[in-house]
Number of protein chains: 2
Amino acid sequence: MKPDQRLRETEQFLHQQIPLTRAMQVRVESYGDGQLTVTAPLQPNHNHLGTAFGGSLAALVMLAGYAFLWLELGDREAHLVVSESTLRFRRPVRAIIRASCRQPNEATMAAFKAEFAATAKSRIRLSVVIEEEGQSAVEFAGTYVARRAPAAS
Amino acid sequence: MKPDQRLRETEQFLHQQIPLTRAMQVRVESYGDGQLTVTAPLQPNHNHLGTAFGGSLAALVMLAGYAFLWLELGDREAHLVVSESTLRFRRPVRAIIRASCRQPNEATMAAFKAEFAATAKSRIRLSVVIEEEGQSAVEFAGTYVARRAPAAS
């Protein structure tokens, strides 16, 4: 499958399965070079100050982690949830929101995948950042739990 | 102003100023007895597993804190932002999402308001919980910063 096709499929999956991602107009922009990036335009995601709504920022960073793990695991029967997370808002976001999940180091990724394959359950800590004009605006870290389970309805 | 009217006004303010709250169908349900509660139905906020999307949960707990402070300060020129937060997801939410911001103790609230009145800037730590069937499903704590500034456009 072509890389672009995988991104479009992941985007369609999000839009079909999580309706808020349609309202937010989430796009899966890129995946490669050690990171996955999702975007959302400001217009449907602004707050009362005309900058990005904190709730949209929180949703987008979480989605970046989900999309990264879906693409890494390549397993639609993997159920992913966030168990806990921290979020730091450093400065307002004034234009398109662009959240990038950075791939953990290879040993961590390999251990996560190996445990998932062996036990059908695994967890991993992911970091996501939203940058604007080269400056960090939002910093997220969350623990994602993956379980293999019967296909969701 | 009647209490119900204040809730409807706050809800309208959210819907007008933060479009994602319309997509989420956020309601300001109650304010009194030491807490403010906002709700959102599951349908526009579900994920691929048919439970509440983590991004919707994150947005709703943040909104509970905003709405609480707007109503407490009674000042539309107060700009509120969250500087940092922690979020713990304990169990999936399977029906209407109901997020309650618990009022800090009176001394903390009084100090927050006094500093805001004196310096036009103040911060406060708020806790918000989402419960379902009497059990804690989501626990949020965030630091909110209030600034008085010229009216937002």
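The values are calculated or read from the model by the stated rules, or taken from the named source; none is laboratory data. This one's a predicted model, so the numbers in the text were calculated from it and none came from an experiment. Using ideal geometry, Cβ is built from the backbone for each residue, glycine included, and neighbour counts are taken over all protein chains shown.
Going by the conditions given, is A:Gly50 more than 19 Å from B:Leu49 (Cα to Cα) and within 14 Å of the chain's Cα centre (by Cα)? Steps first, answer last, please.
Working: more than 19 Å from B:Leu49 (Cα to Cα): yes; within 14 Å of the chain's Cα centre (by Cα): no.
It is false that A:Gly50 is more than 19 Å from B:Leu49 (Cα to Cα) and within 14 Å of the chain's Cα centre (by Cα).
Only residues in the stretch A:9-32 that are closer than 17 Å to A:Asn45 by Cα count as the first member; pair them with residues that are small (Gly, Ala, Ser) and in a strand (DSSP E or B), Cβ under 8 angstrom, at least 6 apart or cross-chain, and list the lot.
A:Met24/A:Ala40; A:Gln25/A:Ala40; A:Val26/A:Ala40; A:Arg27/A:Ala40
Taking A:Leu80 as the residue in question, decide whether it is surrounded by 15 or more Cβ atoms within 10 Å (Cβ to Cβ) and farther than 23 Å from A:Pro44 by Cβ.
Details: surrounded by 15 or more Cβ atoms within 10 Å (Cβ to Cβ): yes; farther than 23 Å from A:Pro44 by Cβ: yes.
Considered against the rule, which asks whether it is surrounded by 15 or more Cβ atoms within 10 Å (Cβ to Cβ) and farther than 23 Å from A:Pro44 by Cβ, A:Leu80 comes out as yes.
Return yes or no: is A:Leu57 within 20 Å of A:Arg125 (Cα to Cα), modelled with pLDDT under 95, under 16 Å from the mean Cα position of the chain (by Cα) and not in a loop (DSSP other than H, G, I, E, B)?
Numbers: within 20 Å of A:Arg125 (Cα to Cα): yes; modelled with pLDDT under 95: no; under 16 Å from the mean Cα position of the chain (by Cα): yes; not in a loop (DSSP other than H, G, I, E, B): yes.
When the stated conditions are applied, A:Leu57 does not pass them.
Condition check: in contact (Cβ under 8 Å) with a residue 12 or more places away in the chain, closer than 16 Å to A:Ile18 by Cβ and of a type in the set (A, V, I, L, M, F, W, C). Does B:Ala40 satisfy that?
yes
Need the failing condition index for B:Arg125 against (1) over 30 Å from A:Gln16 (Cα atoms); (2) touching a residue at least 24 places away in the same chain (Cβ under 8 Å), just the number.
Failed condition: (2).
Return the residues of the stretch A:126-153 that are of a type in the set (Ser, Thr, Tyr) and at pLDDT below 95; say none if nothing qualifies. Walk me through how you get there before you give the answer.
Taking the stretch A:126-153 as the starting set, the residues that turn out to be of a type in the set (Ser, Thr, Tyr) are A:127, A:136, A:143-144, A:153.
Correct list: A:Ser153 only.
Can you tell me which residue in the stretch B:1-49 is nearest to the other protein chains (Cβ to nearest Cβ), limited to those that are touching a strand residue (DSSP E or B) at 6+ places or on another chain (Cβ under 8 Å), at pLDDT below 95 and part of a loop (DSSP other than H, G, I, E, B)?
This residue is B:Leu49.
Please indicate, with yes or no, whether at least one residue in the stretch A:99-121 is within 14 Å of chain B (Cβ to nearest Cβ), over 21 Å from A:Pro3 (Cα atoms) and among the β-branched types (Val, Ile, Thr).
Looking through the stretch A:99-121, none of the residues is within 14 Å of chain B (Cβ to nearest Cβ), over 21 Å from A:Pro3 (Cα atoms) and among the β-branched types (Val, Ile, Thr).
Considering only residues that are buried (at least 20 other Cβ atoms within 10 Å of the Cβ) and within 30 Å of B:Pro92 (Cα to Cα), which ones fall in the stretch B:109-128?
Of the residues in the stretch B:109-128, the ones buried (at least 20 other Cβ atoms within 10 Å of the Cβ) are B:112, B:116, B:122, B:124, B:126, B:128.
B:Ile124, B:Leu126, B:Val128 - these are the residues of the stretch B:109-128 that are buried (at least 20 other Cβ atoms within 10 Å of the Cβ) and within 30 Å of B:Pro92 (Cα to Cα).
May I ask you to list pairs of residues, at least six apart or on different chains, whose Cβ atoms are under 6 Å apart, with the first in the stretch A:74-90 being more than 7 Å from chain B (Cβ to nearest Cβ) and the second being crowded, with 18+ Cβ neighbours inside 10 Å?
What qualifies is A:Ala78/A:Ala146; A:Leu80/A:Tyr66; A:Leu80/A:Leu69; A:Leu80/A:Tyr144; A:Leu80/A:Ala146; A:Arg90/A:Ala137.
Say whether the condition of being at pLDDT 95 or above and in contact with a helix residue (DSSP H, G or I) (Cβ under 6 Å, 6 or more places away or on another chain) is met by at least one residue in the stretch A:104-120.
Within the stretch A:104-120 (the criterion being at pLDDT 95 or above and in contact with a helix residue (DSSP H, G or I) (Cβ under 6 Å, 6 or more places away or on another chain)), the answer is no, since none of the residues qualifies.
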